[in-house]
Amino acid sequence: MEAIEFGYERPRAVADNIWEIRGEWKNKFGRRMTVVRLSDKRLMIHNAIRLIPRDLEWLSSLGTVAFIVAPNTFHCSDAGWMRERFPAAELFVPKQKLDFFAKQGLQPKDVNLQFPADLADEVKCIPMRGTRMEEAAFIHVASGTLILCDLAFNMGDVFTGFEKFVMKWNKVGGQFGPSRLTKIVFANDRQQLLNAYKSLLSENFDRVIVNHGDILETDGKRKLKAGIERIFGPV
């Protein structure tokens, strides 16, 4: 059995044809892998986590792994590992990471430009322009689920000491929405990023899956709008 650097919880169904695996990380933020099954039983893996053989078997039992998505430049660490286990799958990564994965012989594609448009009736890819992270958002149409990575957080009040002070300033912990650093540090074009958030708000979704924190099961559009306005002002 291969060792994994961090642990994770058992897979859990989120909605029809969507599953999550919640994992540990180097800090209190944690991380989440999301699995989406299409109508033809092909699977999309969003933000891959290294799995032990038991859970790789579970994954294979759901369908055929066809698409592996590294959703932004910060969360690519296990995408190559997953692609090596499912060599027939297409690997989608941010533009900045194309050379890195190409040197490993993994034939990556640009997630923001090359994710298959013919899947949009089931899984819609929405490039979030204006961020250095080059994040792509996804919507699972049938369940009305928005899948984000680092463009919104939904963490509880888990921080203590000076870290709590910093995260309170950063608007992370005990609230839902983008962080203050999303605007100050990770945006390379604030207006373009704000326009991307506005585009998201025009989509049909209610549930929001984030990488860091709890899944927001309902009222996601209203709460995301409120979180965006807390950081960027009126939208």
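Reported count of residues in the stretch 202-221, each being exposed (fewer than 15 other Cβ atoms within 10 Å of the Cβ) and closer than 17 Å to ALA137 by Cβ, is 3.
Do the conditions hold for LEU224, that is, is it within 25 Å of VAL123 (Cα to Cα), surrounded by fewer than 18 Cβ atoms within 10 Å (Cβ to Cβ), under 18 Å from the mean Cα position of the chain (by Cα) and aliphatic (A, V, I, L, M)? No. Residues being under 20 Å from ILE21 (Cα atoms) and more than 16 Å from the chain's Cα centre (by Cα) are represented in the stretch 204-220 by at least one member.
Results for (1) crowded, with 20+ Cβ neighbours inside 10 Å; (2) over 20 Å from ALA187 (Cβ atoms); (3) without any contact (Cβ under 8 Å) to a residue 60 or more places away in the chain, shown as yes or no for each residue.
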| site | (1), (2), (3) |
| --- | --- |
| ALA120 | no, yes, yes |
| LYS124 | no, yes, no |
| ARG129 | no, no, no |
| GLU134 | yes, no, no |
| ALA137 | yes, no, no |
| SER143 | no, yes, no |
| ILE147 | yes, yes, no |
| THR160 | no, yes, yes |
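Checking the stretch 173-192 against the condition returns no match, with no residue being among the acidic types (Asp, Glu), closer than 18 Å to ASN72 by Cβ, assigned to a loop (DSSP other than H, G, I, E, B) and in contact with a Phe, Trp or Tyr (Cβ under 7 Å, 6 or more places away or on another chain).
For the stretch 50-76, the set of residues classified as closer than 12 Å to GLU134 by Cβ and small (Gly, Ala, Ser) consists of ALA70 only. Comparison of LYS171, LYS183, LYS164, LYS124 shows that the only residue that is basic (Lys, Arg) and within 15 Å of VAL210 (Cβ to Cβ) is LYS171.
Could you please let me know if GLY7 is crowded, with 18+ Cβ neighbours inside 10 Å, more than 25 Å from ALA117 (Cα to Cα) and either modelled with pLDDT under 95 or in contact with a strand residue (DSSP E or B) (Cβ under 6 Å, 6 or more places away or on another chain) (or both)?
Numbers: crowded, with 18+ Cβ neighbours inside 10 Å: no; more than 25 Å from ALA117 (Cα to Cα): yes; either modelled with pLDDT under 95 or in contact with a strand residue (DSSP E or B) (Cβ under 6 Å, 6 or more places away or on another chain) (or both): yes.
Judged against the criteria, GLY7 is not a match.
Any idea which of LYS97, LYS109, LYS103 is surrounded by fewer than 14 Cβ atoms within 10 Å (Cβ to Cβ) and either at pLDDT 95 or above or on the phi < 0 side of the Ramachandran plot (or both)? Give the steps one after another, and end with the answer.
On the way: LYS97 fails: surrounded by fewer than 14 Cβ atoms within 10 Å (Cβ to Cβ); LYS109 fails: surrounded by fewer than 14 Cβ atoms within 10 Å (Cβ to Cβ).
Just one listed residue meets the conditions, LYS103.
Residues in the stretch 64-94 that are at pLDDT 95 or above and among the acidic types (Asp, Glu) were compared, and the one that is surrounded by the most Cβ atoms within 10 Å (Cβ to Cβ) is GLU90.
Does the stretch 141-156 contain at least one residue that is at pLDDT below 90 and part of a loop (DSSP other than H, G, I, E, B)? Looking through the stretch 141-156, at least one residue is at pLDDT below 90 and part of a loop (DSSP other than H, G, I, E, B). Picking from residues in the stretch 193-235 that are assigned to a loop (DSSP other than H, G, I, E, B) and of a type in the set (A, V, I, L, M, F, W, C), the one that is nearest to ARG132 (Cα to Cα) is VAL210. ILE184 fulfils the conditions (1) β-branched (Val, Ile, Thr); (2) within 28 Å of ALA48 (Cβ to Cβ); (3) modelled with pLDDT under 95 except for a single criterion, (2). If the condition is being β-branched (Val, Ile, Thr) and buried (at least 21 other Cβ atoms within 10 Å of the Cβ), then the stretch 38-63 contributes ILE45, ILE49.
The values are calculated or read from the model by the stated rules, or taken from the named source; none is laboratory data. Keep in mind that this is a model prediction, so the values were computed, not measured. Reconstructed Cβ throughout: ideal geometry from the backbone, glycine too, with neighbour counts over all protein chains shown.
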